[in-house]
Amino acid sequence: MRAARTMTATNDSSRVLREFYTTLFAAFGPQYWWPGETRDEIIIGAILTQNTAWTNVARAITQLRKHEALTLRAIHELDESRLADWIKPAGTYRVKARRLKALVHWFYDHFDGDLDRVFATPLAKLRPMLLSVSGVGPETADAILLYAGDIPTFVVDAYTRRILRRHDIIDGEAGYEHVKRLFEHANSPDAHVYGEYHALLVALAKRHCKSTADCDDCPLRDWPHDASK
Ligand code: SF4
């Protein structure tokens, strides 16, 4: 029987978060996330994936690819109702079409659609700019910056919060920026590590830390946890 590890104080959370990463990477290996062949495709996927499973996003992306509309330029030029029609499989398609158009409009308005210029902008300036775009919240902004821009900013989602809550690293009131800072404090800025870590947490939540947790075979079972949270 394995001895339970202990976390005695909140300032241990950095150590624990580093241990989680090492353990998850050893258990699951590289995740090759985000699925997308181009920066345009990753950005489009970041909007489409809001509040839906990736399988639905993949179907919408297939539709856009079929219509040669999987680029920011194509979406910029596309009629919004036609775009909505093509992304139907992703759900809430009218809202997502409006958000995609707003985001692409922003890229063209501020950077002439040049992603090299977008991602060369300092993070401290670029992130607030992205967050000002209608329909772009912190999770979407950070996913775009991290996976399309290769910029080290940690992505926090509901899975991440659930895992940390069950391990008493955060409480239910912890805000997005607080959770993000915990990870960024624990790990030096490295887009590759941040990208893998987020993907590993998603894999963990899907395989073990579901709404009803399956702790017995979970790689994190040796750390104190309360799966009823
Ligand atoms: S399944 Fe259990 S051990 Fe695994 S992360 Fe969730 S609470 Fe922790």
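Scanning the stretch 148-175 for residues that are open to solvent by less than 30 Å² (accessible area, probe 1.4 Å) and either at pLDDT below 95 or of a type in the set (Ser, Thr, Tyr) (or both) gives THR153, THR160. Kindly evaluate LEU204 against the criterion of being more than 9 Å from the ligand (Cβ to nearest atom) and either among the hydrophobic types (A, V, I, L, M, F, W, C) or crowded, with 21+ Cβ neighbours inside 10 Å (or both). No, not satisfied.
Go through the stretch 105-122 residue by residue and tally those that are open to solvent by 80 Å² or more (accessible area, probe 1.4 Å) and farther than 17 Å from ILE151 by Cα. Final tally of qualifying residues: 4.
Hey, does the stretch 215-222 have a residue that's more than 9 Å from the ligand (Cβ to nearest atom), surrounded by 13 or more Cβ atoms within 10 Å (Cβ to Cβ) and outside the structural domain of VAL136 (by TED's automatic domain parsing)? Checking the stretch 215-222: not a single residue is more than 9 Å from the ligand (Cβ to nearest atom), surrounded by 13 or more Cβ atoms within 10 Å (Cβ to Cβ) and outside the structural domain of VAL136 (by TED's automatic domain parsing). Condition check for ALA141 on (1) in the same structural domain as LEU24 (by TED's automatic domain parsing); (2) hydrophobic (A, V, I, L, M, F, W, C); (3) buried (at least 18 other Cβ atoms within 10 Å of the Cβ): one failure, at (1). Considering ARG162, ARG127, the condition of being within 16 Å of the ligand (Cβ to nearest atom) and among the basic types (Lys, Arg) is satisfied by ARG162 alone.
Need a quick list: helices (runs of 4 or more DSSP H) entirely within the stretch 112-197 having at least 2 residues that are farther than 16 Å from LEU100 by Cα and without any contact (Cβ under 8 Å) to a residue 12 or more places away in the chain.
Working: elements: 115-120, 123-131, 138-143, 158-166, 176-186.
Helices (runs of 4 or more DSSP H) meeting the threshold: 115-120, 123-131, 176-186.
The values are calculated or read from the model by the stated rules, or taken from the named source; none is laboratory data. Keep in mind that this is a model prediction, so the values were computed, not measured. Heads up, the Cβs are rebuilt from the backbone with ideal geometry, glycines too, and the neighbour counts pull from every protein chain shown. Just so you know, the surface numbers come from the protein's heavy atoms only, side chains and all, with ligands and any DNA or RNA stripped out. Shrake-Rupley method; radii C 1.70, N 1.55, O 1.52, S 1.80 Å.
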